[in-house]
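Remarks on the structure that follows.
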């Protein structure tokens, strides 16, 4: 039997979750772009990961792809200022792309750099033709911040036109049941039009559901059964 990535081996090989996780495990570095004009047209569906620095974005990407260092977490949060693209697809074929956008909101980053990257990210989210979905990472202990709200406003017109949106409340293992339910309720009110799920890399909570959702965004909603409801934490 071939070697399977850790999360893939925990599920039935024929299950929809196993298919989605196996697909995500094919992720490989494609290119990095310090400015929008350096981003190549990809011709396949693209999913962007966004979030404040320290929201757990790199950990989330690495957990979903079952790779330890695909997305690099800088030792100095907020210093990674480039859009990194990762190709997905078996046998070297590319059928989708993940885009890792720089973390935003870190206090030590100079104001001019913050403004510049806010504009770059806004332009990307508004104009990128291949963009099919956005995954926003949020630490539920702090809730959605002003910068998160601004980003949601930027993409709201595209969401209303069909752009997919998922808000992942990361580090969910640090919340008790009441705190988790409260965080879910608040986030759902703030992100009307998008889905909200709890996510924990440590407990692997929400991993299979998120993998299935990304597959459906990029391959068609009918390729797999509907996602199960978010279970009580």
So in segment 124-142, with the set limited to residues that are more than 17 Å from the chain's Cα centre (by Cα) and in a loop (DSSP other than H, G, I, E, B), which one is surrounded by the most Cβ atoms within 10 Å (Cβ to Cβ)?
141
Residue 198: passes all of (1) in contact (Cβ under 8 Å) with a residue 24 or more places away in the chain; (2) surrounded by fewer than 21 Cβ atoms within 10 Å (Cβ to Cβ) but (2)
Is it true that residue 94 is touching a strand residue (DSSP E or B) at 6+ places or on another chain (Cβ under 6 Å), buried (at least 22 other Cβ atoms within 10 Å of the Cβ) and within 28 Å of residue 32 (Cβ to Cβ)?
no
Where residues in segment 17-47 are under 30 Å from residue 115 (Cβ atoms) and out of contact with any strand residue (DSSP E or B) (no Cβ under 7 Å at 6 or more places or on another chain), which of them is surrounded by the fewest Cβ atoms within 10 Å (Cβ to Cβ)?
37
Top-ranked residue of segment 175-195 - restricted to ones that are touching a strand residue (DSSP E or B) at 6+ places or on another chain (Cβ under 8 Å) and loosely packed, with under 15 Cβ neighbours inside 10 Å, ranked as nearest to residue 132 (Cα to Cα):
193
Residue 229 passes all but one of the listed conditions (1) touching a helix residue (DSSP H, G or I) at 6+ places or on another chain (Cβ under 9 Å); (2) modelled with pLDDT under 95; the exception is number (1)
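The values are calculated or read from the model by the stated rules, or taken from the named source; none is laboratory data. Note that this is a predicted model, so its numbers are computed, not measured. Glycine also receives a Cβ, built like all others from the backbone with ideal geometry; neighbour counts cover every protein chain displayed.
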